[in-house]
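In what follows, a structure is listed as structure tokens, so that the remarks can point back to it.
Please treat every number below as a calculation from the coordinates, not as lab data. On a predicted model such as this, the values are computed, not experimentally measured, just so you know. Note that each Cβ is placed from the backbone with ideal geometry, even for glycine, and that neighbours are counted across all protein chains shown.
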Amino acid sequence: MPELPEVETVVRSVAAHLAGRRILESKFTSKFVTPGSRAKLAQRLLGRRIESVRRRGKFIIIELDEGTLTVHLGMTGKLLIQGQTNQHTHGVFTLDDGMLFYQDPRQFGRIEWSAGESPRVKRLGPEPLEISLDEFRVRLKRTTRMKALLLNQTFLAGLGNIYADESLFAAGIHPLTQANKLTATRAARLHRAIQGILTHAIQLGGSSISDYVNAEGERGWFQMEHRAYGREGEPCVNCGKPIRKILVAQRGTHYCPRCQKK
DNA sequence: ACTAATGTTGTAGG
DNA sequence: GCCTACAACATTAG
């Protein structure tokens, strides 16, 4: 479910519901989602007040009056403020007003408490919607291929497979292009494409390609705007040539062989 | 039965 | 150190 626009949508749909609430009880059932002692985590959260909720990259950061709860949705994680528990519910929070559920069939997501900023968040690169063109160009001085670089969270925090493919398509850049070979013009085009795509996707509530929903159970609509991702064999919206799918950095990568050049 | 799926991390080798 | 491939985590859908 979760790249920057989806996580941003979840945060926006959950923030007002959580801010100022007190955690009366919490229960965890997955040793993968909540590594270490689940009882200890629940004990730590008992009675804590939620000060604020924000996004950093693909992480949801819940500031408590003591410590920080950091949530990553992995591949199939959901944070819901309504609904009921099922076999994939691995976190249940009872608040002084309302509930919060964490569901995650694949259990690639994580819910972790830390005294300060989570070490995983510390390692993240800049926010793609905030980085300047100058800094973006400096960070492109690498020999790796563009698709792999866009997926690297220490380069930029928040792009995943969908928005990497969509950004490269919008900028007309082949996914196998070596990063440091981009001309200044094409680097600027990519910078603008990333920000434009992410902004548009947030406006549409993210992409619901299988079952992504925000915290209120509502779907996003940006999947209707996909030009490359998931369109293998379908005609390019610009030139009509079939979209091609290749493997880059072990991830399915969609691009137009005519519009996207190295 | 087999493959791929919105992600991250650790290991090995060039 | 940088870069790449691969495996692992666990489940579902086609």
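Here the Karplus relation 6.51 cos²θ - 1.76 cosθ + 1.60, evaluated at θ = phi - 60°, turns the backbone of the range A:216-230 into coupling constants of 9, x, 8, 7, x, 10, 5, 4, 5, 9, 4, 9, 10, 4, x Hz, with x for every Gly and Pro. If R0 equals 30 Å, the separation of the Cβ atoms of A:T85 and A:K245 corresponds to a calculated FRET efficiency of about 0.20.
Name the most mobile residue of A:R55, A:R244, A:R142, meaning the one with the largest mean-square fluctuation, in a Gaussian network model of chain A with Cα contacts below 10 Å. Per the Cα network of chain A with a 10 Å cutoff, A:R142 tops the list.
Find the relative contact order for the range A:133-255 and round it to a whole percent, using C-alpha pairs within less than 8 Å whose residues are 6+ positions apart.
Contact order relative to length: 24 percent.
Each of A:S26, A:S52 was scored by other Cβ atoms within 10 Å of its Cβ. Arranged with the fewest first, they read A:S52, A:S26. Think of it as helices only: each DSSP H run of n ≥ 4 in chain A is worth -39500 (n - 2.57), and spread over all residues that comes to -8000 deg cm²/dmol at 222 nm. Annotation for the range A:189-234: GluC sites (Glu not before Pro) lying in DSSP loop with at most 15 further Cβ atoms inside 10 Å of their Cβ are A:E216, A:E218. Evaluate the relative contact order of the range A:1-160 (contact order divided by residue number), counting alpha-carbon pairs under 8 angstrom at least 6 apart; express in whole percent. With pairs under 8 Å counted, the relative contact order is 25 percent. For the cross-link pairs A:K78/A:K262; A:K141/A:K241; A:K31/A:K78; A:K78/A:K141; A:K31/A:K147; A:K78/A:K261, the ones whose C-alpha atoms lie over 26 Å apart are A:K78/A:K262; A:K141/A:K241; A:K78/A:K141; A:K31/A:K147; A:K78/A:K261.
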